[in-house]
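Below you'll find the structure, written out as structure tokens, and then a few comments.
The values are calculated or read from the model by the stated rules, or taken from the named source; none is laboratory data. Because the structure is a prediction, the values reported are computed rather than measured. Neighbour counts run over all protein chains shown; Cβ positions are idealised from the backbone, glycine included.
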Amino acid sequence: MTEPALRLTRLLLSAFRSYEKLAWHPARQLNVIHGPNGSGKTNLLEAISLLTPGRGLRGARIADLPRTGSAAWAVAGRLAVPGGEVDIGTGTPPDGPPERRVFRLDGTAPRNHADVAQRIAAVWLTPQMDRLFQDGLSGRRRFLDRLVYAVEPGHAREVAAYETAMASRNRLLGEGRGDPVWLAGIEEQMARHAVAATVARATLVARLNAALADGVAGAFPAARMTLICPLATRLEEAPALAVEDWLRGALGAGRGRDAAAGSAALGAHRADMALADAASGQDAARASTGQQKALLIAVILGHAALLTAARGFGPLLLLDEPAVHLDTDRRAALFAALAALPAQAFLTGTDGDIFAPLAGVAGFWRSGGGGLIEDPAFPAR
């Protein structure tokens, strides 16, 4: 195993979900958390995911995060990073309000969320993603954007700025307050941020496909990702400024249509992502659940290798029930790939025996009763 440059060495929880208090020291590169359904396994992964900007692996509302009966919650992590250690904390501010969430970076408020994202990256796979290719495009776009954020933390600002401008335009058009000068200014912002976000998405897709073609996913199928987006198509043929001008003009011409629809017909929010087996060309949307899972794992592994090359550290890999829908050979391939990656991984499952091949390699933890204990059935070497 290669020592990961980014490692979570301590996790502290206070009144978070099913945990009243928890201090956990996951010392290993691979960490298995097992226990019955409802024992708090996914809550732990969610807590780690909330150390990064965004709404975490569940996309939950802040109001849903405190333990029942509590108004405030907190999650704090100590991480080994290139050059030393960093403490990241998040939760309800001491002076409220409870629906607000703040960050602390080494005990002080960061200037912005990008300061936090520069120090940590996390990517996750959850059972809900088994429906990624059957449900709406917003889930696939969020999945793609998380991959982009990890490599280019500034992407989050572009997406947020675009969505803020779009919401303002939607509101003005819906209220019939369509001042042309005011709308033109908002549409200029939308065009600028939409093109920047699309460039980042297209760049990530190209780099990820190159990494996957090099076989970084090991025994998993060589997946190929496609960005489905009219802006990306235009950017292949025209410079960014010309695409900004085109989108700004299209938004201006489509105000009446967009007012009736309640949203813009064009823009970065319409982007979609497709995934296929590079060898067979089979689209993930038409593949079996097991094949879809294998393709997504390939993407996660490829992205971890890409991030390590780009930023000097791999992401924290949060894999909730990763063995579900994988046969014995694919599970063995996953365990081997994770052991070879310079990235710390956290895996959950209801049955610890499924992860038995990792005994002596991974740390094993049993969840339940609002706590976490090291499992003596899988002793560390």
Step by step: first the residues of the stretch 1-47, then only those that are assigned to a strand (DSSP E or B) and of a type in the set (Gly, Ala, Ser), then the one that is nearest to residue 349 (Cα to Cα). Which residue is that? 23
Scan of the stretch 335-348 for residues that are under 19 Å from the mean Cα position of the chain (by Cα) and aliphatic (A, V, I, L, M), ordered by number: 338, 341, 343, 345, 347
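Across the stretch 1-18, which residue is surrounded by the fewest Cβ atoms within 10 Å (Cβ to Cβ) among those that are of a type in the set (Ser, Thr, Tyr) and modelled with pLDDT of 95 or more?
9
Working only within the stretch 259-272, note down all residues that are of a type outside the set (A, V, I, L, M, F, W, C) and part of a loop (DSSP other than H, G, I, E, B).
Kept after step one, since they are of a type outside the set (A, V, I, L, M, F, W, C), are these residues of the stretch 259-272: 262-263, 267, 269-270, 272.
262, 263, 267, listed by residue number.
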Being over 29 Å from the mean Cα position of the chain (by Cα), surrounded by fewer than 21 Cβ atoms within 10 Å (Cβ to Cβ), assigned to a helix (DSSP H, G or I) and touching a residue at least 60 places away in the same chain (Cβ under 8 Å) narrows it down to one residue among 174, 256, 178, 185; which is it? 174
Take residue 50 and decide whether it is modelled with pLDDT of 95 or more, within 18 Å of residue 344 (Cβ to Cβ), surrounded by 21 or more Cβ atoms within 10 Å (Cβ to Cβ) and in contact with a helix residue (DSSP H, G or I) (Cβ under 9 Å, 6 or more places away or on another chain). no
Quick one: in the stretch 96-105, which of the residues that are part of a loop (DSSP other than H, G, I, E, B) and within 23 Å of the chain's Cα centre (by Cα) is modelled with the lowest pLDDT? 99
Condition check for residue 104: touching a strand residue (DSSP E or B) at 6+ places or on another chain (Cβ under 8 Å) and closer than 29 Å to residue 3 by Cβ: yes
Mind checking which residues of the stretch 126-141 are surrounded by 16 or more Cβ atoms within 10 Å (Cβ to Cβ) and either charged (D, E, K, R) or within 16 Å of the chain's Cα centre (by Cα) (or both)? 126, 129, 130, 132, 139, 140, 141
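Take the residues in the stretch 212-247 that are under 19 Å from the mean Cα position of the chain (by Cα) and among the aliphatic types (A, V, I, L, M); name whichever of them is farthest from residue 299 (Cα to Cα).
Filtering first and then ranking leaves 227.
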Would you say residue 210 is of a type outside the set (Lys, Arg), out of contact with any strand residue (DSSP E or B) (no Cβ under 9 Å at 6 or more places or on another chain), on the phi < 0 side of the Ramachandran plot and loosely packed, with under 14 Cβ neighbours inside 10 Å? yes
In the set 150, 160, the lone residue that is out of contact with any Gly (no Cβ under 6 Å at 6 or more places or on another chain) and either over 21 Å from residue 310 (Cβ atoms) or not in a helix (DSSP H, G or I) (or both) is 160
For the structure I just gave you, tell me whether residue 145 is assigned to a helix (DSSP H, G or I) and either farther than 21 Å from residue 303 by Cα or in contact (Cβ under 8 Å) with a residue 60 or more places away in the chain (or both). no
Taking the stretch 220-253 as the region of interest, how many residues are part of a strand (DSSP E or B) and touching a Phe, Trp or Tyr at 6+ places or on another chain (Cβ under 8 Å)? 0
Just checking, how many residues over the stretch 48-95 are assigned to a helix (DSSP H, G or I) and aliphatic (A, V, I, L, M)? 3
Given (1) touching a Leu at 6+ places or on another chain (Cβ under 9 Å); (2) within 21 Å of residue 152 (Cβ to Cβ), residue 235 misses just (1)
Scope the stretch 340-368; condition in contact (Cβ under 8 Å) with a residue 40 or more places away in the chain and either exposed (fewer than 15 other Cβ atoms within 10 Å of the Cβ) or of a type in the set (S, T, N, Q) (or both); matching residues: 340, 344, 348, 350, 351, 367
Output the number of residues of the stretch 292-334 satisfying the condition of being in a helix (DSSP H, G or I) and either closer than 17 Å to residue 206 by Cα or under 21 Å from the mean Cα position of the chain (by Cα) (or both). 21
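Scan the stretch 53-101 residue by residue and report those that are among the basic types (Lys, Arg), out of contact with any strand residue (DSSP E or B) (no Cβ under 8 Å at 6 or more places or on another chain) and either in contact (Cβ under 8 Å) with a residue 12 or more places away in the chain or surrounded by 13 or more Cβ atoms within 10 Å (Cβ to Cβ) (or both).
Going residue by residue through the stretch 53-101, those that are among the basic types (Lys, Arg) are 55, 58, 61, 67, 78, 100-101.
In the following step, the residues that additionally are out of contact with any strand residue (DSSP E or B) (no Cβ under 8 Å at 6 or more places or on another chain) were identified as 55, 58, 61, 100.
Across the stretch 53-101, the qualifying residues are 55, 58, 100.
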Restricting the search to the stretch 106-124, which residues are outside any loop (DSSP other than H, G, I, E, B) and either among the aliphatic types (A, V, I, L, M) or surrounded by 14 or more Cβ atoms within 10 Å (Cβ to Cβ) (or both)? 113, 114, 115, 116, 117, 122, 123, 124
